[in-house]
Each structure stands twice: as C-alpha cells, then as structure tokens.
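Undergrad: Got a structure for you, written out below as structure tokens; questions coming shortly.
Read-outs: derived from the displayed coordinates by stated rules, not from any lab. Since this is a predicted model, take the numbers as computed values, not measurements. Please note: Cβ atoms are built from the backbone with ideal geometry, for glycine as well, and neighbour counts cover all protein chains shown.
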Amino acid sequence: MNMPASSSKVSEFDRRMMAAAIRYSFRHLGRTGTNPSVATLIVRDTEAGPVIVGRGVTAIGGRPHAETEALAEAGELAKGATAYVTLEPCAHHGSTPPCANALVAAGIKRVVAATTDPDHRVSGKGYAILREAGVEVLTDVYKADADFAMAGYLMQRNKNRAHVTLKMALSADGKIGRKGAGQVAITGEESRAATHILRAVSDVILIGVETALADDPELTCRLPGLESRSPVRLVLDSRLRLPLSSRLVQSAATTPVIVATTASPDSAQYRALSDAGCQLMASESADGGIALEELLDDLAGRGYFTVMVEGGARVAQSFLKAGLVDRIVLYTGPDAIGLHGVDAPLDADDIPDGFRLADTLFYGRDVCRIYERI
Ligand code: AOF
Ligand code: ZN
C-alpha cells in the first residue's frame with residue numbers, strides 16, 4: 001500500500017507514524033533529566049512508498065534533542081520529507097540552535113506534531129518559525145497519547161509541581177493486604193515486572209512510614225539490566241519513625257532516600273537519619289501533617305517531575321482527598337483475600353470523578369487499568 005507522507009490533511013498514515021513516534025519516545029523516559037523524552041521520525045516518499053530515513057529520541061541527559069538526532073541520520077534525504085515530532089520543535093537557543101530552524105535548514109517541507117510545548121521560550125513560536133518558512137504544519141495529532149507520555153514534564157511546566165501516579169494492587173475482593181500479615185502477594189510475576197518498569201521511569205517512589213515499618217521495602221528497580229534505574233525513594237514520616245536499620249536507610253548511600261517530615265531539625269533522629277545519608281525535607285501544613293502540594297512543588301523545583309505513590313492506604317487516601325492524583329495504575333489479582341483483608345481506598349467500580357480509563361492491560365492472570373485525570 002503506497003500512502004504518501006505528503007498530503008495537506010492528517011492521513012491514516014500520519015496517525016500511524018505518530019503512534020510509532022510516541023512509542024519510540026518512551027525509549028528514554030525518565031532518563032532525560034528535566035527535558036521531556038521526545039521522538040522524531042523523518043519520512044520521505046519514494047517510488048516504493050514512504051520510507052523512514054531518520055529517527056531520533058531526546059538523548060540521555062536531555063541533549064541533543066530528538067530532531068537533531070533524526071536529521072543527522074537522514075542527512076540529505078531530509079530534503080522534501082515529512083517530520084513527525086511528538087512535541088513542538090523548540091524555538092530557543094540552548095546549547096544548539098533551535099530545532100525548528102534546523103528542520104527548515106534541512107529542507108523538511110511538512111511537520112506533523114502531537115502536542116504544543118508549554119515552555120514559554122517555545123510555546124507556539126516553534127510552529128511559527130516553521131510556517132513562516134513555508135513548512136506545512138499539522139498539530140495535535142494523537143495529542144492525548146503524547147501528553148500521557150510526557151505527563152511529568154507537562155505538569156511541571158503547567159502547574160509547577162510533580163506529577164503523581166498512584167499505584168495499587170487489589171485482590172479480587174478489593175483488598176490491598178491482610179491485617180498484620182506484612183506484604184501479601186496479590187498479583188503475579190508479570191505485574192511485578194511491570195511495576196519495576198514503572199519504578200524505572202519514575203523520578204521518585206513515595207510511601208508512608210507505616211508501609212516502611214510494616215514491609216521494610218527497598219523500592220528499587222530490580223529487573224535485570226535496569227538496576228541502575230532505581231528512582232529516589234521518599235518516605236512521608238512526620239514524626240521520624242523510620243528505623244536506621246531499615247532497608248531504605250541502609251541503602252541510602254547507593255540509592256537516595258528523602259524523608260519528608262514535620263520534625264524539628266534539632267531532634268536526634270533528624271540528625272541520625274541525615275548522618276545515615278538520608279536527605280530530609282522539612283514540611284508542615286495547617287493541620288500539622290505534611291503539606292503534600294508544597295512537597296510536590298518542592299520536588300519539581302529539585303528536578304523530580306514524576307512521583308509514584310506506592311502505599312499504603314492512608315497515604316493514597318491523603319493524595320486522593322487533596323486532589324493531587326493525576327494517574328491511577330490499578331492492578332487486580334485473581335484471588336480473594338477474604339477475612340482480615342485491608343480495604344482499598346478505591347477500586348475499579350469506584351474511581352473518583354474526573355478520571356478516564358486510558359488503558360487496560362493484561363499481565364498473566366492480572367488486569368491492570370490505567371486511569372488518567374481528564
Ligand atoms: C525539542 N526536541 O527532543 C526536546 C525539546 O535545555 P535545553 O536547551 O535542552 O531546552 C530544554 C527545553 O527544550 C525543554 O524545556 C523543552 O521546551 C524543549 N525540549 N525540544 O525540540 C526535544 N526534548
Ligand atoms: Zn530542540
């Protein structure tokens with residue numbers, strides 16, 4: 001089927017290319033620092049049909065940008081081609097000239113883009129540079145999917161806070177564990193691996209101190225090959241009950257631990273945790289607890305744009321009540337817990353208003369539903 005990549009309307013082929021570009025953009029998710037992980041595909045019409053002549057994804061660390069990589073691969077073949085970009089090409093002079101100018105200089109004649117860059121140095125200006133140079137620009141193609149892929153970046157730019165994913169595993173009867181039983185297996189191997197991948201692409205994993213005390217988790221990414229991708233671990237611990245002997249504190253030297261607390265910096269435990277290598281973040285809200293929104297602002301300010309809340313029920317409830325959950329990843333296992341089960345703060349029949357079901361995935365015998373704030 002020869003579908004030209006040159007029409008002035010968004011075609012089915014354009015959509016397919018954009019879907020591929022968005023999937024490709026996940027390649028460096030969580031590894032581009034404060035830059036979003038963006039992808040570019042350069043497609044040229046040939047007698048044999050359209051051919052991808054250049055591919056690029058934002059490099060690890062955030063530079064070079066996706067367009068630079070894709071144009072380098074395409075070389076002369078970029079002349080007259082279409083570029084599929086998951087984010088509006090930049091218009092500012094960073095350590096290299098703007099990507100919008102680079103696309104023009106390379107002779108790209110058509111740009112299909114997924115989402116506008118909210119960065120004030122770019123927003124709309126990237127498209128304007130292209131259009132002024134006579135490049136045809138089509139925007140908002142699969143915008144929701146691109147926004148999903150770079151949700152952390154967009155949240156930081158638009159609201160100046162970190163993006164929150166609430167992850168929960170529920171038994172078939174809607175429980176998250178059994179009272180006094182510590183960690184109970186609810187989901188299978190495949191879901192566990194998927195969770196570790198979620199950890200690997202998050203900047204921060206957050207739990208409450210109750211979970212740290214009950215389960216003594218390590219919260220690292222332990223998939224073969226991805227061990228170095230463990231995120232920062234953060235414990236909400238207003239009264240500093242986190243034991244120095246916990247796995248978290250014991251591993252603080254290799255994988256950072258942040259303890260958010262309302263305790264005084266003069267307290268002995270504050271100093272002890274700090275001496276053990278934890279970073280302490282002082283916080284206080286009107287009710288004496290940890291101010292969650294402030295915490296998320298503070299994290300974004302430190303360059304942490306994505307937070308995954310992993311437990312327990314009380315912490316989940318606090319984020320939900322504060323309206324600070326942006327995405328819910330809900331695994332449901334095949335077995336019931338029955339007696340002494342701990343109720344979940346929500347289940348698939350009881351998702352708060354304002355969320356849409358974005359995806360349903362099947363891992364072994366488990367179902368994973370992803371809900372996205374509308
Ligand atoms: C693009 N392509 O692949 C990415 C873009 O510090 P700098 O100079 O790298 O600029 C960071 C900004 O670049 C970032 O806020 C966002 O506006 C844009 N990211 N742009 O054209 C890319 N990652
Ligand atoms: Zn750029």
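Undergrad: Å³ per residue of the Cα convex hull, for the stretch 79-177?
TA: Spread over its residues, the Cα hull of the stretch 79-177 gives 133 Å³ apiece.
Undergrad: Size of the dipole of the chain about the Cα centre, Lys and Arg at +1 and Asp and Glu at -1 on the beta carbon, nothing else charged, in debye to 20? Spell out each step's value before the answer.
TA: Working: 40 positive and 45 negative charges, 106 e Å.
For this selection, approximately 500 debye.
Undergrad: What FRET efficiency do you get for Ala193 and Ser95 if R0 is 35 Å and r is their Cβ-Cβ distance, rounded to the nearest 0.05?
TA: 0.45
Undergrad: Using per-residue counts of other Cβ atoms within 10 Å, averaged over each peptide, order 103-111, 246-254 from highest down.
TA: 103-111, 246-254
Undergrad: Here's a follow-up. Got a sec? Charge dipole of the chain, +1 on Cβ for Lys and Arg, -1 for Asp and Glu; which of Leu295, Ala151, Ala81 is way out at the positive end?
TA: Ala81
Undergrad: Now for a different question. Normalised radius of gyration for the stretch 24-128, please: alpha carbon Rg relative to 2.2 N^0.38 Å, two decimal places.
TA: 1.00
Undergrad: Same structure, new question: Over what distance in Å are the Cα centres of the stretch 227-292 and the stretch 61-124 separated?
TA: So the separation of the two Cα centres works out to 41 Å.
Undergrad: Here's a follow-up. From the residues Pro217, Gly341, Ser318, which one has its Cα farthest along the dipole of the chain in the positive direction, the dipole being from +1 and -1 charges on Cβ of Lys/Arg and Asp/Glu about the Cα centre?
TA: Checking the options against the dipole of the chain, the answer is Pro217.
Undergrad: Also, I was wondering about something else. Could you tell me, in Å, what Rg and Dmax come out for the Cα atoms of the chain?
TA: Reported Rg and Dmax, both Å: 22.8, 74.
Undergrad: How would you rank Met155, Met150, going from fewest to most other Cβ atoms within 10 Å of each one's own Cβ?
TA: Met155, Met150
Undergrad: Can I ask one more? In this model, which of Lys9/Lys143; Lys9/Lys109; Lys143/Lys321 are farther than 21 Å apart at the alpha-carbon?
TA: Pairs exceeding the cut-off: Lys143/Lys321.
Undergrad: If the only charges are +1 at each Lys and Arg Cβ and -1 at each Asp and Glu Cβ, what is the size of the charge dipole of the stretch 17-115 around the Cα centre, to the nearest 20 debye? Spell out each step's value before the answer.
TA: On the way: 9 positive and 7 negative charges, 41 e Å.
In total the dipole reaches around 200 debye.
Undergrad: In the chain, if the dipole is taken from +1 on Lys/Arg beta carbons and -1 on Asp/Glu beta carbons about the Cα centre, which of Ala181, Gly54, Ala91 is farthest to the positive end?
TA: Of Ala181, Gly54, Ala91, it is Gly54.
Undergrad: Magnitude of the Cβ-charge dipole of the stretch 157-216, K/R +1 and D/E -1, about the Cα centre, nearest 20 debye?
TA: Computed charge dipole of the stretch 157-216: roughly 340 debye.
Undergrad: By how many nm would the segment from Val342 to Glu76 grow when fully extended, if each residue of separation counts as 0.36 nm and the alpha-carbon distance is taken off?
TA: That pair, Val342 and Glu76, stretches by 89.6 nm at full extension.
Undergrad: Follow-up question, since we're still on this one. How large are Rg and Dmax for the stretch 170-243 when only the alpha carbon atoms are used, in Å?
TA: My reading of the Cα-based Rg and Dmax gives 13.4, 36 Å.
Undergrad: Sorted from fewest to most neighbouring beta carbons within 10 Å, what does the list Leu324, Leu87, Leu236 look like?
TA: Leu324, Leu236, Leu87
Undergrad: Let me know the volume per residue of the alpha-carbon convex hull for the stretch 283-358, in Å³.
TA: 131
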